[in-house]
1. Mind checking which residues of the range 190-204 are part of a helix (DSSP H, G or I), touching a residue at least 40 places away in the same chain (Cβ under 8 Å) and either among the acidic types (Asp, Glu) or within 25 Å of Ile151 (Cβ to Cβ) (or both)?
2. Going by the structure shown, is Asp71 without any contact (Cβ under 8 Å) to a residue 24 or more places away in the chain, more than 17 Å from the chain's Cα centre (by Cα), under 23 Å from Ala207 (Cα atoms) and outside any helix (DSSP H, G or I)?
3. Search the range 145-175 for residues being over 16 Å from Leu54 (Cα atoms), of a type in the set (S, T, N, Q) and surrounded by 14 or more Cβ atoms within 10 Å (Cβ to Cβ), and hand back the single one that is modelled with the highest pLDDT.
4. Name the pairs whose Cβ atoms lie under 8 Å apart, with the first residue in the range 155-168 and closer than 17 Å to Cys57 by Cα, the second open to solvent by 50 Å² or more (accessible area, probe 1.4 Å) and modelled with pLDDT of 90 or more, and 6 or more positions between them or separate chains?
5. If you check every pair at least six apart or on different chains, which have Cβ atoms under 6 Å apart with a residue in the range 135-146 that is more than 11 Å from Val79 (Cα to Cα) first and a residue that is outside any helix (DSSP H, G or I) and modelled with pLDDT of 90 or more second?
6. If you scan the range 14-38, which residues turn out to be over 15 Å from Arg141 (Cβ atoms), modelled with pLDDT under 90 and buried (at least 20 other Cβ atoms within 10 Å of the Cβ)?
7. Report the residue count in the range 84-106 for those that are open to solvent by 70 Å² or more (accessible area, probe 1.4 Å) and either among the hydroxyl-bearing types (Ser, Thr, Tyr) or in a helix (DSSP H, G or I) (or both).
8. Considering only residues of the range 176-202 that are hydroxyl-bearing (Ser, Thr, Tyr) and open to solvent by less than 40 Å² (accessible area, probe 1.4 Å), which is farthest from Lys23 (Cα to Cα)?
Amino acid sequence: METLMKTQTTAEVTERDLSEQIKKVTKDSHARAENTELMLSFLRGQVSLRQYKLLLCSLYEIYQALEEELDRNSDHPGVAPIYFPTELARLDSIKKDLEFFYGQDWREKIAVPVATKRYCHRLRQIGQENPEFLVAHAYTRYLGDLSGGQILGRITQKSIGLKSNEGLSFFGFPGVSSPNLFKQLYRSRMNSVDLTEEQRNGVLEEAVRAFEFNIQVFDDLQKMVSVTETQLQNGLTHSEPVKTLQPSDTIIITSSPVLRMVLGLLVALATLTMVFYTL
């Protein structure tokens, strides 16, 4: 009887864990995200240099918005427990990668899609109005990238033919010595955030919204790649100049929650032990 009571109590606690609840409510979104054309390119080991560079451009915008809002709200009770700038911050790493691919004037060359701008606008909005909702975006982005970093980094390196790790800083977390232990700590901190029932429901809705933003970004980035390829083909066929995509023509992609799902599939195919969504 005592064992049964302990089991029931453990189950009740698990069901109330915010991290577990987010997994549950985003399950369908995960399935959709993993089947976007861009993510399937990663899964097949066929990501192109164009795809990766455009992804980095969008990730820069997204992480700039996310990390600025996290920094600004670092003392907020809904943010403070999951605020790990030294271990998780991605912005400086992405800057290094962009400089590697685009040169020192990379800021003048990057372009992102409309979907990226919408995602960033949402991050700014909740940072102002509902800072506790940032936990949903931080969780899906950071732990997704942390889970899939090493594997996706190797896949990208091989796919685009890089001879060194230059251009792949985004995938590395030098401040995290043990990803698995850190993810356990992060989940524990996240589950300790004191939320009202209304706030908790809001965070869960925001987690689903985060996935939808990511899906839109992936789809729009792939459209950008397709448009460019069509223009190049037309240019070669008709000797016409290729039109350069402008920022207003673009859309976006982000990868974390999605990267987690991809990681799960990659692990299965590569017979690796890492699980994509072990957040």
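1. The first filter runs over the range 190-204 and keeps only residues part of a helix (DSSP H, G or I), leaving 190-191, 197-204.
Subset that is touching a residue at least 40 places away in the same chain (Cβ under 8 Å): 190-191, 199-200, 202-204.
Once the filter is applied, which keeps residues that are part of a helix (DSSP H, G or I), touching a residue at least 40 places away in the same chain (Cβ under 8 Å) and either among the acidic types (Asp, Glu) or within 25 Å of Ile151 (Cβ to Cβ) (or both), the range 190-204 yields only Met190.
2. Numbers: without any contact (Cβ under 8 Å) to a residue 24 or more places away in the chain: yes; more than 17 Å from the chain's Cα centre (by Cα): yes; under 23 Å from Ala207 (Cα atoms): yes; outside any helix (DSSP H, G or I): no.
Here the answer is no, as Asp71 does not meet what is asked.
3. That would be Ser147.
4. That search, which allows pairs on different chains as well, returns Ile160/Leu49; Glu166/Phe100; Gly167/Phe100.
5. Taking only residues 6 or more apart or on different chains, the pairs are Leu146/Phe173.
6. Glu34, Thr36, Leu38
7. Residues of the range 84-106 open to solvent by 70 Å² or more (accessible area, probe 1.4 Å): 86, 92, 96, 99-100, 104.
If we keep only those that are either among the hydroxyl-bearing types (Ser, Thr, Tyr) or in a helix (DSSP H, G or I) (or both) as well, we get 86, 92, 96, 99-100.
Number satisfying all stated conditions: 5.
8. From the range 176-202, those hydroxyl-bearing (Ser, Thr, Tyr) are 177-178, 186, 188, 192, 196; that's our starting set.
Applying the additional criterion that residues be open to solvent by less than 40 Å² (accessible area, probe 1.4 Å) yields 178, 186.
Working: Ser178: 22, Tyr186: 15 Å.
Checking each candidate, the answer is Ser178.
The values are calculated or read from the model by the stated rules, or taken from the named source; none is laboratory data. In this text, all values refer to a predicted model and were calculated from it rather than measured experimentally. Here Cβ is always computed from backbone atoms with ideal geometry, including for glycine, and neighbour counts include all displayed protein chains. Just so you know, the surface numbers come from the protein's heavy atoms only, side chains and all, with ligands and any DNA or RNA stripped out. Shrake-Rupley method; radii C 1.70, N 1.55, O 1.52, S 1.80 Å.
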